[in-house]
Amino acid sequence: MEQFNQLINTVSGFVWGPIMLTLLVGTGILYTIRLAFLQFRLLPFALKQAFTSREESDGHEGDVSHFGALMTALSATIGTGNIAGVATAVVLGGPGAIFWMWVTAIFGLATKYAEAILAVKYRIVNEKGEMSGGPMYYLERGCKMKWLAVLFAFFAIVASFGIGSSVQSNSVAASVQASLNIDPWITGVVLTVLTAIVVLGGIKSISRAASIIVPIMAVVYVLGGLFIIFSNVDLLVPAIKSIISDAFTGEAVAGGAVYAVIRYGVARGVFSNEAGMGSAPIAAAAAKTDHPGRQALISMTGTFLDTIVVCSITGIVLVMGDMFIGGETGAALTTSTFEAMLPGLGGALVTFGLVFFAYSTILGWCYYGEKCATYLFGERALNIYRLVYVATVMMGTVLSLDLVWNLADTFNGLMAIPNLIGLIILSGVVVKETKDFLDKRKSGELS
């Protein structure tokens, strides 16, 4: 077992190593250039589209609204990485890691846009009359490379049982036990039942739950974080200066290792917003939309909200609190810092965020995994997958997950390889679809 664990660590080291991280960011740079910096030009329009009700979309193909698709994707994206992952980046890479998270997000906006536009363009209607789309479909139908589509689907299924369910439920159980002294198995039963009630209802049920949970949890966490920041506003400017200066000097890291600052900032940024990983476009494909370009713009805002907004709140508070050299890391560091900055409420705010962020991730990843399972094995595999997935939620609260975490982390990264190949091959299609959307808007054919 020890040798197997070492093998997984070796593979994980490559998957999340400099080559892969360069490819992930490089793909974003490629699309930024080919799309003429679209994420800067159209971000305000995209945000308006995301949060504006479009009743006319009811007449278009799809299963859920634009907003519902975005919230489903965000439910899986905004997770423990926004709390524990940011803290890990600051501990290992110093304050400058936050800067490189921002850089990663800026280019990740273009990548997320490209993934979504391809997901909608190449989606299909399945046997149940529902939309199915994502990397497995644009790899098969766009790139004509079914073997890569199969690899992506397999990697995603394995990742869903770990990073999507077991790891998240374990984080919830640990947090609740530490804060409220409730036994993990009790948390496991409650979480499993709540998960089953939602996920067994399919995408519409998941979308409805996500559309309620995600906005509430994000707003509460962000407002709480902003209150801490502006209650200690004298520390804000020094914190921002530290983030920017340390990004290029690495002074907070032993030996002034700028490489460590960049590596952990980029890695945690990608891990948090999942741009290039291929997961979010599976949700985008379910949206009711009049053009792939519109949903792509809306999906793009997910990276902005996840990293530029939520992760920044966590990161800035951590740097202002200046407790990241004390030995703590992950969620424990974030909890301690928030509690020190806002006594009596700060720790509870982090616990609230961690519980609901993790639960929403469980819901979103179930949808990703079931779409990949039905792609590989057909609709007959749907109920089997859902039952196994719900069971892993319970298992995660009571088992040690060191190996599971390593496996999940590795397969989560492996998903990116076939997806990035598809994104690079189909970049011309993305540019063509984008031009079509913008031309139709200019002519008045689309609003």
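Given the condition over 30 Å from HIS291 (Cα atoms) and either open to solvent by 20 Å² or more (accessible area, probe 1.4 Å) or among the polar types (S, T, N, Q) (or both), answer yes or no: does some residue in the stretch 197-218 qualify?
Yes, the conditions are met somewhere in the stretch 197-218.
Looking at PHE377, is it at pLDDT below 90, among the aromatic types (Phe, Trp, Tyr) and either buried (at least 21 other Cβ atoms within 10 Å of the Cβ) or more than 30 Å from LEU223 (Cβ to Cβ) (or both)?
no
What pairs come up if the first residue lies in the stretch 285-297 and is within 14 Å of ALA114 (Cβ to Cβ) and assigned to a loop (DSSP other than H, G, I, E, B), the second is open to solvent by less than 10 Å² (accessible area, probe 1.4 Å) and of a type in the set (Gly, Ala, Ser), and their beta carbons are under 6 Å apart, counting only those six or more places apart or on different chains?
Filtered contacts from the stretch 285-297: ALA285/ALA119; ALA285/GLY133; ALA285/GLY134.
Those residues that are in contact (Cβ under 8 Å) with a residue 24 or more places away in the chain, in a helix (DSSP H, G or I) and not charged (D, E, K, R), I need them from the stretch 197-215; list them, please.
Step one: of the stretch 197-215, the residues in contact (Cβ under 8 Å) with a residue 24 or more places away in the chain are 198-200, 202-204, 206-211, 213-215.
Okay, now just the ones that are also in a helix (DSSP H, G or I), so 198-199, 202-204, 206-211, 213-215.
Result: VAL198, VAL199, GLY202, ILE203, ILE206, SER207, ALA209, ALA210, SER211, ILE213, VAL214, PRO215.
Any residue in the stretch 366-378 that is farther than 15 Å from VAL158 by Cβ, assigned to a helix (DSSP H, G or I) and among the hydrophobic types (A, V, I, L, M, F, W, C)?
There is no residue in the stretch 366-378 that is farther than 15 Å from VAL158 by Cβ, assigned to a helix (DSSP H, G or I) and among the hydrophobic types (A, V, I, L, M, F, W, C).
Take the residues of the stretch 184-212 that are touching a Cys at 6+ places or on another chain (Cβ under 9 Å) and of a type in the set (A, V, I, L, M): which is modelled with the lowest pLDDT?
The extreme case among them is ILE206.
Name every residue in the stretch 1-37 that is of a type outside the set (A, V, I, L, M) and open to solvent by 60 Å² or more (accessible area, probe 1.4 Å), in order of residue number.
GLU2, GLN3, PHE4, GLN6, ASN9, THR10, PHE14, PRO18, THR22, ARG34, PHE37
Tell me which residues, restricted to the stretch 165-196, are over 14 Å from ALA408 (Cα atoms), in a helix (DSSP H, G or I) and open to solvent by 40 Å² or more (accessible area, probe 1.4 Å).
Within the stretch 165-196, ALA174, GLN177, ALA178, SER179, LEU180, TRP185, ILE186, VAL189, VAL190, VAL193, LEU194 meet the criteria.
Within the stretch 379-403, can you find the residues that are of a type in the set (A, V, I, L, M), farther than 16 Å from VAL158 by Cβ and either touching a strand residue (DSSP E or B) at 6+ places or on another chain (Cβ under 9 Å) or free of Cβ contacts under 8 Å to residues at least 40 places away in the same chain (or both)?
Across the stretch 379-403, the qualifying residues are LEU382, LEU387.
Wholly within the stretch 1-47, which helices (runs of 4 or more DSSP H) include no fewer than the required count, namely at least 3 residues that are of a type in the set (Ser, Thr, Tyr)?
18-34
In the stretch 309-351, what residues are touching a helix residue (DSSP H, G or I) at 6+ places or on another chain (Cβ under 8 Å), open to solvent by 50 Å² or more (accessible area, probe 1.4 Å) and modelled with pLDDT of 85 or more?
Within the stretch 309-351, MET323, GLU339, ALA340, LEU345, ALA348 qualify.
This table checks each residue for (1) in contact (Cβ under 8 Å) with a residue 24 or more places away in the chain; (2) under 20 Å from SER279 (Cα atoms).
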position: LEU70; (1), (2): yes, yes
position: ALA97; (1), (2): yes, no
position: GLY129; (1), (2): no, no
position: TYR138; (1), (2): yes, yes
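The values are calculated or read from the model by the stated rules, or taken from the named source; none is laboratory data. Only a predicted model underlies this, so the values are computations on that prediction, with no experimental measurement involved. For neighbour counting, all protein chains shown are included, and Cβ atoms are generated from backbone atoms with ideal geometry for every residue, glycine included. These accessible areas exclude ligands, DNA and RNA; they are computed on the full protein's heavy atoms, side chains included. Shrake-Rupley method; radii C 1.70, N 1.55, O 1.52, S 1.80 Å.
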